[in-house]
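Okay, so here's the structure we're looking at.
The values are calculated or read from the model by the stated rules, or taken from the named source; none is laboratory data. Remember, it's a predicted structure, so these values are computed and weren't measured experimentally. Because the Cβ atoms are built from the backbone with ideal geometry, glycine has one as well, and the counts that use them run over all protein chains shown. Side chains included, ligands, DNA and RNA excluded: accessible areas come from the protein's heavy atoms. Shrake-Rupley method; radii C 1.70, N 1.55, O 1.52, S 1.80 Å.
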Amino acid sequence: MINSILFVVLALLALSSAITAVLAKNLVTSILAAGFVSLLASVIYLLLSAPDVAMTEAAIGSGLSTIIFFYVLNKVRRSGRHD
Amino acid sequence: MIKRLLIILTLTAIAFGFYPLAWGVEDARQLSPLAAGYVENSVEELGTSNVVTAIVVSYRGLDTLGEVTVLFAAAAGVTLLMTSGNPERRKKRAASRGKDGKDGKDGKDGSEGGSDKARRQGSELLAAGAAFLFPIIWLFGIYIFIHGHLTPGGGFQGGVVIASAVLLIIFADCRQELGHTVLQLAEALSGAAYVGVGLLGLWMAAGFLDPRFLAAGEFGELFSAGAIPIIYSLIGIKVGAELTGIVDSLRRCS
């Protein structure tokens, strides 16, 4: 019972953070919100007893890909300034 | 107006299309026949205590090979796009980068380098912390992929953890040079060895990527489950090298 309540709360949080990622004016906020979706998803996977997938999601989805998004954002902004 | 109507209609259609999927969801009380087969037979056949690894590396080994190939293609694409292939120019840029760091003026990137000079170098805390944490994270990544057949995790997860350790070092000191030869060698050799181990399975056991050409060993031991630890370690090295390469080619210091 507690498990399913937690599941619903996490899912709602993930949904709202995904909507934030789409609607946010600031790209940095969007990237952080997208990373947060992955983090919540990895917790949900853990609750659904899939630790392997949870590890992958936490490491790749919320860790590395967020950093790579920041790198790319940095690059895009710089090349925009050149023109 | 029509555009908005179309969007609403499409969304409704998608929701309607997926409705049975959400409606039919119920907690599974028992495993599906396929899953039951995997769970019942994997321990006996392959001797892995982590069933997921048995599926990923052995039963669906070809899919994993495909995934590794896709990752390789992505990494190669990023490296190709991000580094201007000419090694001469890269060397020159690295040299100007170094000079830029020392006196902070002239060089090609000097004008834009000036404004970002403050954050080019990581703080003392970050540098010390990264130097302290790097071997621990590295070791943890290796632990994850070596124990892939015993505990959750495996080559992909371990490789990402290793790449994130390198990322920490790059954060601390952006001009840190990585050994590209070592990276490329590790990546190429582990990829080739992965296919080689698969071929060994083809010739000495039941089929391609069959890990049973080595003895199964004692259940739950580190050296057990045939060639599965070897395959997952190779995947771990390959993924770690590839992601490190991606991070390395995306960074920009000056």
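Here are some notes:
- Accessible area of segment A:4-52 divided out per residue, in Å², using a probe of 1.4 angstrom: 60 Å²
- Calculated FRET efficiency for the pair B:GLU177/B:ILE8, C-beta based, R₀ 41 Å, to 0.05: 0.15
- Surface share of carbon and sulfur [accessible, 1.4 angstrom probe, percent] for the protein assembly as shown: 70 percent
- nm² value of the averaged projected area, convex hull over the Cα atoms of the protein assembly as shown: 22.9 nm²
- Check: chain A dipole with +1 on Lys, Arg Cβ and -1 on Asp, Glu Cβ, in debye: 460 debye
- Averaged over the residues of B:150-161, the number of partner chain Cβ atoms lying within 10 Å of the residue Cβ comes to 4.
- Going from the chain on its own to the full set of protein chains, segment A:48-74 has these residues losing 10 Å² or more of accessible surface (heavy atoms, 1.4 Å probe, no ligands, DNA or RNA): A:PRO51, A:ASP52, A:MET55, A:THR56, A:ALA59, A:ILE60, A:LEU64, A:ILE67, A:ILE68, A:TYR71, A:VAL72, A:ASN74.
- Helix-derived mean residue ellipticity, 222 nm - over the protein assembly as shown, DSSP H n ≥ 4, -39500 (n - 2.57), to 500: -23500 deg cm²/dmol
- Across every direction, the projection of the convex hull enclosing the Cα atoms of segment B:123-237 has a mean area of 7.8 nm².
- HN-Hα J in Hz across segment B:44-49 - Karplus 6.51, -1.76, 1.60, θ = phi - 60°, x for Gly and Pro: 5, 6, 10, x, 9, 7
- In the full protein context, segment B:11-73 carries 71 Å² of accessible surface per residue, based on a 1.4 Å probe and ignoring ligands, DNA and RNA.
- Loss of accessible area when B meets A, both sides summed, Å² nearest 100, probe 1.4 Å: 1800 Å²
- Among B:VAL68, B:GLN30, A:VAL37 - extreme Cα towards positive end, dipole of the protein assembly as shown, charges at beta-carbon: A:VAL37
- Computed over chain A, the ratio Rg/Rh where both radii use C-alpha atoms and Rh is Kirkwood: 1.10
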